[in-house]
Amino acid sequence: MALYALDDREPTIDPKAWVHPDAVIIGDVRIGARSSVWPCAVLRGDYGSIVVGEETSLQDGVVVHATAELDTLIGSRVVVGHLAHLEGCRVEDASLVGVGSVVLHRAVVGTGATVGAGAVVTNGMVVPAGALAVGVPAQVREGRSDREMIEASARVYVANASRFARGLRRLD
């Protein structure tokens, strides 16, 4: 993995987390136990902080950034799908942020909520606990998230990270 300090900002990665060698982590980024960061993901804490809880997966191509005023906080057992972009927002525990979606400044994705694939959660928007947000801009559908599916997906990624930690090898 490419780990970079920037000035006095340095990443902190729990020894039980797994970060793919082609991921990039810069500055004030904290990653919790059994979390995983997949190929081509970029976590850039150059201004604000990025905090990732435990058993969270940041899948291939995910971009996470923070601003000088807004940290990006991602809870535990969160599934962030391929090519998603999170910036200056809060994603609470056991949530899912779908493939190619965007969650912007001051937005909050509540516990057990789902942001559907390709959705854009705009500045300051709140996706309540257990809700589904879909579309551009996202529209909220109360009570439509599938928390059991999110928890199962989180467990799959914890197991897959363990598999990759044991068996991934580069062939040149």
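Please treat every number below as a calculation from the coordinates, not as lab data. Only a predicted model underlies this, so the values are computations on that prediction, with no experimental measurement involved.
Here are the numbers:
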item	result
Two-decimal Rg/Rh across the range 2-167, once Rg and the Kirkwood Rh are taken from alpha-carbon atoms	0.95
In degrees, nearest ten, helix 147-167 long axis to first principal axis of the chain (Cα)	10
